[in-house]
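The values are calculated or read from the model by the stated rules, or taken from the named source; none is laboratory data. These figures come from a predicted structure and were not determined experimentally. A quick note on method: Cβ atoms are made from the backbone with ideal geometry, for glycine too, and the neighbour counts reach across all protein chains shown. Keep in mind that these areas ignore ligands, DNA and RNA; they rest on the heavy atoms of the full protein, side chains included. Shrake-Rupley method; radii C 1.70, N 1.55, O 1.52, S 1.80 Å.
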Amino acid sequence: MLPNDFSLPHIVAMALLLISWFAYSTIFKLIGKQTINNQLKAVRREWIKQITMHGRSPFDAIMVGHIVHSVAFFGSATLIVLAGLFSIVINLDSIHSTMAGLHFIESLSIELFSANFALLAVVLTISFFSFIYALRKLVYAIAMIGALPVVKGSNKVDYAEDNLQQLIDDTTTVMTESLKTFNFGIRGYYYAIAAMFLFVSAYACIVITLSATAILIYRQMNTTTAQSINQYIKQRESDSDSDS
């Protein structure tokens, strides 16, 4: 049974939060743009290609290790946050009473307060499993990188060009998919903040959700970093076309 004060604005706020999060990539497709994360697939492919030409270097190991440690860190940090959230459940009544005395927070029934809390926990739980899944896919990518043949240099092996390109493409895809899953979990933190504003009001949650989405889109399209990455990718594509 739904809480008596579970109004239309609350339904809209919760739905908008989840839709904005899960439809993030679709938004870029609708406006005819690609995210930087997708465009960087070309850069990762070139990195994997260089490994097949020159062999694995200490730099490659450092970079892959850095990515793995970053994903593992966020997974561990999110688990700690979740443990803290679930420990709050024991004292949910007292926390509800305390927050009800704050003037900038609208009056909520204990049922709606629990629903808001559950949404926040769900967002962080999904983020946690995203980090775990990203880490698992990274393990697959590392195994594929380690098995790549070297076709130039002192350790040169004979390998058909078509087969080599397929290996490069598949390895790049697995690494890109793992990082896309990781980025999905990172975006969950933005929307977890929006979910926290449900305790203030449904309208505050809607504003923060739209603001977080706008910030994420802006960072992918209009920042100096985004523009530099786009120029880098265009230059690499231009160099590849001229070489061919």
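Could you pull out every one of the helices (runs of 4 or more DSSP H) wholly within region 159-244 that has 1 or more residues that are within 21 Å of residue 124 (Cβ to Cβ)?
On the way: elements: 161-196, 202-221, 224-243.
Filter on region 159-244 gives 161-196, 202-221.
Say whether the condition of being modelled with pLDDT of 85 or more, open to solvent by less than 40 Å² (accessible area, probe 1.4 Å), within 18 Å of the chain's Cα centre (by Cα) and among the β-branched types (Val, Ile, Thr) is met by at least one residue in region 69-76.
Looking through region 69-76, at least one residue is modelled with pLDDT of 85 or more, open to solvent by less than 40 Å² (accessible area, probe 1.4 Å), within 18 Å of the chain's Cα centre (by Cα) and among the β-branched types (Val, Ile, Thr).
May I ask you to list the residues in region 125-141 that are touching a Gly at 6+ places or on another chain (Cβ under 7 Å) and farther than 14 Å from residue 71 by Cα? Reasoning before the result, please.
Applying the first criterion (touching a Gly at 6+ places or on another chain (Cβ under 7 Å)) to region 125-141 yields 126-128, 130-132, 134-135.
Correct list: 126 only.
Is region 196-206 home to any residue that is at pLDDT 90 or above, more than 21 Å from residue 43 (Cα to Cα), among the β-branched types (Val, Ile, Thr) and open to solvent by less than 80 Å² (accessible area, probe 1.4 Å)?
yes
Each row is one residue, and each column tells you yes or no for (1) charged (D, E, K, R); (2) open to solvent by less than 60 Å² (accessible area, probe 1.4 Å).
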| residue | (1), (2) |
| --- | --- |
| 9 | no, yes |
| 12 | no, no |
| 33 | yes, no |
| 84 | no, yes |
| 98 | no, no |
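Among the residues of region 1-25, write down those that are under 19 Å from the mean Cα position of the chain (by Cα), part of a helix (DSSP H, G or I) and farther than 16 Å from residue 219 by Cα. Talk me through it step by step, then tell me what you get.
Taking region 1-25 as the starting set, the residues that turn out to be under 19 Å from the mean Cα position of the chain (by Cα) are 16-25.
From what is left, the residues that are part of a helix (DSSP H, G or I) are 16-22, 24-25.
Residues satisfying the conditions are 16, 17, 18, 19, 22.
Which of the residues that make up region 28-70 are touching a residue at least 12 places away in the same chain (Cβ under 8 Å) and outside any helix (DSSP H, G or I)?
33, 35, 55, 56
Hey, can you tell me all the residues within region 69-84 that are polar (S, T, N, Q) and within 14 Å of residue 179 (Cβ to Cβ)? I'd like the intermediate steps shown before the answer.
So in region 69-84, the residues polar (S, T, N, Q) come out as 70, 76, 78.
Correct list: 70 only.
Can you tell me how many residues within region 46-65 are hydrophobic (A, V, I, L, M, F, W, C), open to solvent by 50 Å² or more (accessible area, probe 1.4 Å) and farther than 13 Å from residue 141 by Cβ? Break it down stepwise before answering.
Step one: list which residues in region 46-65 are hydrophobic (A, V, I, L, M, F, W, C), which gives 47-48, 51, 53, 59, 61-64.
After this cut, where a residue has to be open to solvent by 50 Å² or more (accessible area, probe 1.4 Å) as well, the list is 47, 59, 61-63.
From the residues that got through so far, the ones that are farther than 13 Å from residue 141 by Cβ too are 59, 61-62.
Total meeting the criteria: 3.
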